[in-house]
Amino acid sequence: MDNFQLRDGALHAEDVPLAAIADAVGTPVYVYSTATLARHVAVFREALAGLDDPLIAFAVKANPNGAVLATLARAGLGADVVSGGELARALHAGVRPQDIVFSGVGKTAEEMAQALDAGIGQFNVESEPELDMLSAVATARGVTAPVAIRVNPDVLAGTHSKISTGGADNKFGIPYDRALAAFAHVAALPGLEVRGVAVHIGSQLTDLGPLEAAFGRVGALIAELRAAGHRIATADLGGGLGVPYDPAKPAPPSPAAYGEMVRRATAGWDARLIFEPGRLIVANAGVLVSRVIRVKQGANAPFVIVDAAMNDLLRPSLYDAYHAIEAVEPTGRRETVNVVGPVCETGDTFATARTMDQVAAGDLVAFRTAGAYAASMSSTYNSRALTPEVLVSGDRFAVVRERPSIRSMVEADVLPDWLA
Ligand code: LLP
């Protein structure tokens with residue numbers, strides 16, 4: 001359930017007609033629902049009931065908008081960050097430093113220093129050389145870095161290869177077989193305090209089996225580590241639970257089923273569990289509203305050319321991802337079309353041979369499930385301005401990121417003195 005529903009024949013975000021937002025802000029425009037964000041947080045929390053004080057650290061990469069982060073911070077979420085930029089945004093939005101975990105294979109010394117100065121809760125370290133660097137940075141600052149080691153469990157996640165992370169050939173984590181040695185290495189390094197183990201095998205997972213297999217391996221490792229004398233206080237189980245994109249496909253496992261599996265897989269671990277959901281919290285809390293520029297007859301199906309493009313919503317182009325597309329004011333007539341953007345690449349295609357609401361030039365369409373990895377992955381390709389973002393709450397809406405002016409884009413480039 002989300003809060004983008006038809007009322008009197010027009011798609012609304014909560015109590016606000018999407019057409020009113022499009023008229024006020026222009027298109028394309030991302031629209032997020034506060035009520036849906038809050039609902040997803042509540043559903044996930046409920047799914048984890050019975051666990052002892054779990055930390056839910058929202059994966060900021062999914063949607064780093066400041067107003068979205070502030071909404072989630074007020075709902076009590078922590079943050080999983082992967083860059084100094086995400087760390088700055090999380091702190092600015094009011095996430096408590098101790099509720100921030102820092103993931104990623106390429107943390108720089110500067111980013112480590114920034115995170116140590118902020119007093120974050122945990123670094124999820126992904127390699128031996130990263131341990132050495134963090135030790136040096138912490139020691140130089142006279143502080144101790146709280147560390148979990150991310151292990152690569154060598155489990156196939158069964159999702160798109162570009163978003164699988166837990167296979168032995170993926171760049172993430174320390175290979176399972178070297179984990180024990182890596183923990184021994186940490187114990188010998190100054191400036192580091194071992195806190196736990198972390199794992200994340202991929203995103204948009206539609207089967208709990210691979211997750212349970214990975215958690216099983218983590219449980220076995222925790223026992224081995226404790227037997228070797230290490231103190232394991234936390235276990236970070238990452239994110240990855242899939243969400244429904246295509247209403248015609250079976251829905252992924254529910255958060256409740258995920259929670260049940262977690263309780264089963266982690267029984268007796270005696271560690272504080274950390275979760276890093278991204279997509280689950282925000283994906284269906286957002287839509288991308290776009291206007292049809294024109295409809296062009298192709299050799300076969302018509303091309304519906306909309307004013308959003310692959311630079312605004314990359315997922316279909318990059319992962320062949322499905323996003324439902326609906327008319328904002330549907331007439332009830334349906335048609336089979338190709339939906340494309342204005343960018344000069346064939347890859348700028350949102351849907352091929354899609355049977356959807358019939359639309360004409362000037363009509364508005366909504367791309368569903370566009371709250372995660374959508375605005376956050378946008379670019380200015382073809383010198384298109386980044387799409388603005390709007391947050392709705394009840395009958396109110398606010399622009400929470402402005403559309404940059406073309407002038408500001410032009411002026412961002414600086415001529416060298418020999419061309420000035
Ligand atoms: N934790 C770590 C360490 C991660 O790498 C990720 C996502 C998450 C948590 C959150 O995963 P989620 O709960 O959102 O599945 N751009 C792709 C998704 C990339 C995911 C990268 N890592 C897409 O649009 O499908």
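Taking residue 86, is it of a type in the set (Asp, Glu) and open to solvent by 40 Å² or more (accessible area, probe 1.4 Å)? So residue 86 fails the test.
Quick check: anything in the range 57-70 away from the ligand (no atom under 11 Å from the Cβ), closer than 22 Å to residue 255 by Cα and part of a helix (DSSP H, G or I)? Yes, the conditions are met somewhere in the range 57-70. When 122, 98 are screened for being at pLDDT 95 or above and open to solvent by 10 Å² or more (accessible area, probe 1.4 Å), only 98 passes. Of all residues in the range 326-333, one or more are modelled with pLDDT of 95 or more, part of a strand (DSSP E or B) and assigned by TED's automatic domain parsing to the domain that holds residue 26.
Among the residues making up the range 132-177, those that are part of a helix (DSSP H, G or I), surrounded by fewer than 23 Cβ atoms within 10 Å (Cβ to Cβ) and of a type outside the set (Gly, Ala, Ser) are 132, 133, 137, 139, 141, 162, 163, 176, 177. Taking each residue of the range 308-324 that is without any contact (Cβ under 8 Å) to a residue 60 or more places away in the chain and looking for partners that are surrounded by fewer than 20 Cβ atoms within 10 Å (Cβ to Cβ) and among the small types (Gly, Ala, Ser) with beta-carbon atoms closer than 9 Å, six or more apart or interchain, yields 316/347; 316/351; 317/347. The number of residues in the range 270-288 being assigned to a loop (DSSP other than H, G, I, E, B) and surrounded by 19 or more Cβ atoms within 10 Å (Cβ to Cβ) comes to 4.
Conditions (1) away from the ligand (no atom under 16 Å from the Cβ); (2) modelled with pLDDT under 95; (3) at negative phi, marked per residue:
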{"site": "146", "(1), (2), (3)": "yes, no, yes"}
{"site": "158", "(1), (2), (3)": "no, yes, no"}
{"site": "161", "(1), (2), (3)": "no, yes, yes"}
{"site": "170", "(1), (2), (3)": "no, yes, yes"}
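Screening 336, 331, 380, 355 for residues that are free of Cβ contacts under 8 Å to residues at least 24 places away in the same chain, away from the ligand (no atom under 16 Å from the Cβ), of a type in the set (S, T, N, Q) and open to solvent by 50 Å² or more (accessible area, probe 1.4 Å) leaves exactly one candidate, 355. In the range 339-352, the residue that is nearest to residue 316 (Cα to Cα) out of those that are surrounded by 18 or more Cβ atoms within 10 Å (Cβ to Cβ) and in contact (Cβ under 8 Å) with a residue 40 or more places away in the chain is 350.
Residues considered: 244, 250. Of these, the only one that is surrounded by fewer than 20 Cβ atoms within 10 Å (Cβ to Cβ) and within 14 Å of the ligand (Cβ to nearest atom) is 244. Among the residues of the range 194-217, those identified as more than 10 Å from the ligand (Cβ to nearest atom) and closer than 30 Å to residue 143 by Cα are 194, 195, 196, 197. Of the residues making up the range 218-241, those that are within 16 Å of the ligand (Cβ to nearest atom) and either touching a His at 6+ places or on another chain (Cβ under 9 Å) or part of a helix (DSSP H, G or I) (or both) number 6.
Scanning the range 303-316 for residues that are within 11 Å of the ligand (Cβ to nearest atom) and either farther than 12 Å from residue 288 by Cβ or open to solvent by 30 Å² or more (accessible area, probe 1.4 Å) (or both) yields one hit, 314.
The values are calculated or read from the model by the stated rules, or taken from the named source; none is laboratory data. Keep in mind it's a predicted model, so treat the numbers as computed, not measured. Don't worry about glycine lacking a Cβ; one is built from the backbone with ideal geometry, like all the others, and counts go over all protein chains shown. Surface areas here come from the heavy atoms of the whole protein model, side chains and all, with no ligands, DNA or RNA. Shrake-Rupley method; radii C 1.70, N 1.55, O 1.52, S 1.80 Å.
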